[in-house]
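Report on the structure given below.
The values are calculated or read from the model by the stated rules, or taken from the named source; none is laboratory data. Source: prediction; values computed, not measured. Note: ideal-geometry Cβ built from the backbone for every residue, glycine included; neighbour counts use all protein chains shown.
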Amino acid sequence: MKAFHLTDTTGIADLHLMDVPVPTPARGEVLVRVRAISLGPIDVNTTNGHGAYHALQDAEPMIPGWDISGEVVAVGPEVLDFLPGDAVFGAVNFPGPGRGYAEYVAAPARHLAPKPANISHAEAAAASLAALTAWQALMTTANVQPGQRVLIHGAGGGVGHFAVQLAGERGAYVIGTSSASKRVFVLSLGADAHVDYTRQRFEDVVPPVDVVLDAIGGETALRSLAVLKPGGLLISLPIGLSPSLLAQARARGVRGQHFLAVSNGEDMRRLAARLAAGTLYAHVARTWPFAQLPDALCQVAGGHTQGKISVLLD
Ligand SMILES: NC(=O)c1ccc[n+]([C@@H]2O[C@H](COP(=O)([O-])OP(=O)(O)OC[C@H]3O[C@@H](n4cnc5c(N)ncnc54)[C@H](OP(=O)(O)O)[C@@H]3O)[C@@H](O)[C@H]2O)c1
């Protein structure tokens, strides 16, 4: 089978297509014929030796990639919930070795859910790690409640566009930040208010909030402390929170929390139910052919994706 493997850590150009044996599903795994792969900043960062690189570096060949949608073609021992022919999707082995940039992936069945029939493989792959992150951050960690105010930075991006919808489902008042080009998109997802970060400092216009979900990091995370209510929670996704930021949070009487999404088939089933019901929507801005996966990653690296970018396999 064809797979992209990573040969160095200087960036996307270190990804190369190669022929490797089709993997054999181990105990608890299914073999998935991949029909779509979705990509995000973690994929780009991994090619630079950051992101999830350290989880992959002992693998030979080193095949990155986590978000897949496809069909089960074989099941390993002790798999009870999937059969050959089932369409499945999920974030595989995140934050470990997913080996998703391949025509076939041996994936733990417990990381997958049945793919809703009403959405495409490109959309299902798109609704994997980004949607799982939004779910685990807002529904599990923050446990957003009706009537709370939630500020979502990067609301038009991969994680953000799912986060806006899920916070809205909980009955929160949702404020999303993005550039002007994504304003209509963010509001169409159910945000109650929008801030164009290129024109306004959000801390000047946003009322005190209960939760900030920050998909940007750096200065944006630091400035977010000022908009939290006493006891409010900041979850910053990019690289966690520095000791100095955590100290400032404590001094202000607010909370900052480290967060890392983890593969979880039960959460994928919760997302699948919403995708099937049409109450959650995965926006795929563009699809690329598998052979152009590095070009797709270059688009992600631009940092202004609307929704998600997916790659299609035959
Ligand atoms: N900790 C975890 O478990 C975890 C899991 C998944 C992702 N992540 C991280 O979370 C981050 C976001 O991931 P993603 O997939 O959502 O990225 P993405 O799809 O690239 O989206 C980022 C969005 O932010 C917008 N943006 C850029 N600068 C902004 C600013 N200053 N203020 C507000 N919006 C801004 C961009 O478009 P516009 O500029 O046009 O608005 C873009 O839509 C990445 O660093 C990723 O590695 C962490």
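Of the residues making up the stretch 37-69, those that are of a type in the set (A, V, I, L, M, F, W, C) and within 16 Å of the ligand (Cβ to nearest atom) are ILE37, LEU39, ILE42, VAL44, ALA52, ALA55, LEU56, TRP66, ILE68.
Mind checking whether some residue in the stretch 171-178 is part of a helix (DSSP H, G or I), within 13 Å of the ligand (Cβ to nearest atom) and over 30 Å from PHE290 (Cβ atoms)? Break it down into steps so the answer makes sense when it comes.
Filtering the stretch 171-178 down to residues part of a helix (DSSP H, G or I) leaves none.
No: zero hits.
Check whether at least one residue in the stretch 51-69 is free of Cβ contacts under 8 Å to residues at least 12 places away in the same chain and closer than 18 Å to VAL262 by Cα, and report yes or no.
Start the filter on the stretch 51-69 by keeping residues that are free of Cβ contacts under 8 Å to residues at least 12 places away in the same chain, which leaves 51, 54, 57-58, 60.
Next cut, closer than 18 Å to VAL262 by Cα only: 51, 54.
Yes, the conditions are met somewhere in the stretch 51-69.
Filter the stretch 131-150 down to the residues that are out of contact with any strand residue (DSSP E or B) (no Cβ under 6 Å at 6 or more places or on another chain) and among the small types (Gly, Ala, Ser) and list them by number. Result: ALA131, ALA134, GLY147.
I'd like to know if the stretch 10-32 contains one or more residues that are within 16 Å of the ligand (Cβ to nearest atom), more than 18 Å from THR133 (Cα to Cα) and not in a helix (DSSP H, G or I). The answer is yes; a qualifying residue exists. As a summary of the residue check, ARG99 satisfies the conditions (1) surrounded by 22 or more Cβ atoms within 10 Å (Cβ to Cβ); (2) in a loop (DSSP other than H, G, I, E, B); (3) within 16 Å of the ligand (Cβ to nearest atom) except for the one numbered (3). Report every pair of residues separated by at least 6 positions or lying on different chains whose Cβ atoms are under 7 Å apart, first residue within the stretch 133-160 and in a helix (DSSP H, G or I), second charged (D, E, K, R). Going by the 7 Å Cβ cut-off, the qualifying pairs are TRP135/ASP267; TRP135/ARG270; GLN136/ASP267; GLY158/LYS308.
Only one residue in PRO116, PRO64, PRO77 is farther than 20 Å from LEU313 by Cα and either surrounded by 22 or more Cβ atoms within 10 Å (Cβ to Cβ) or not hydroxyl-bearing (Ser, Thr, Tyr) (or both), so which one is that? Please lay out each step first, then the result.
Values: PRO116 fails: farther than 20 Å from LEU313 by Cα; PRO64 fails: farther than 20 Å from LEU313 by Cα.
Step by step, each of PRO116, PRO64, PRO77 is checked, and only PRO77 is farther than 20 Å from LEU313 by Cα and either surrounded by 22 or more Cβ atoms within 10 Å (Cβ to Cβ) or not hydroxyl-bearing (Ser, Thr, Tyr) (or both).
Do we find that THR46 is among the β-branched types (Val, Ile, Thr), surrounded by fewer than 18 Cβ atoms within 10 Å (Cβ to Cβ), at pLDDT 95 or above and in the same structural domain as GLN299 (by TED's automatic domain parsing) in this structure? Against the criterion (among the β-branched types (Val, Ile, Thr), surrounded by fewer than 18 Cβ atoms within 10 Å (Cβ to Cβ), at pLDDT 95 or above and in the same structural domain as GLN299 (by TED's automatic domain parsing)), THR46 does not qualify.
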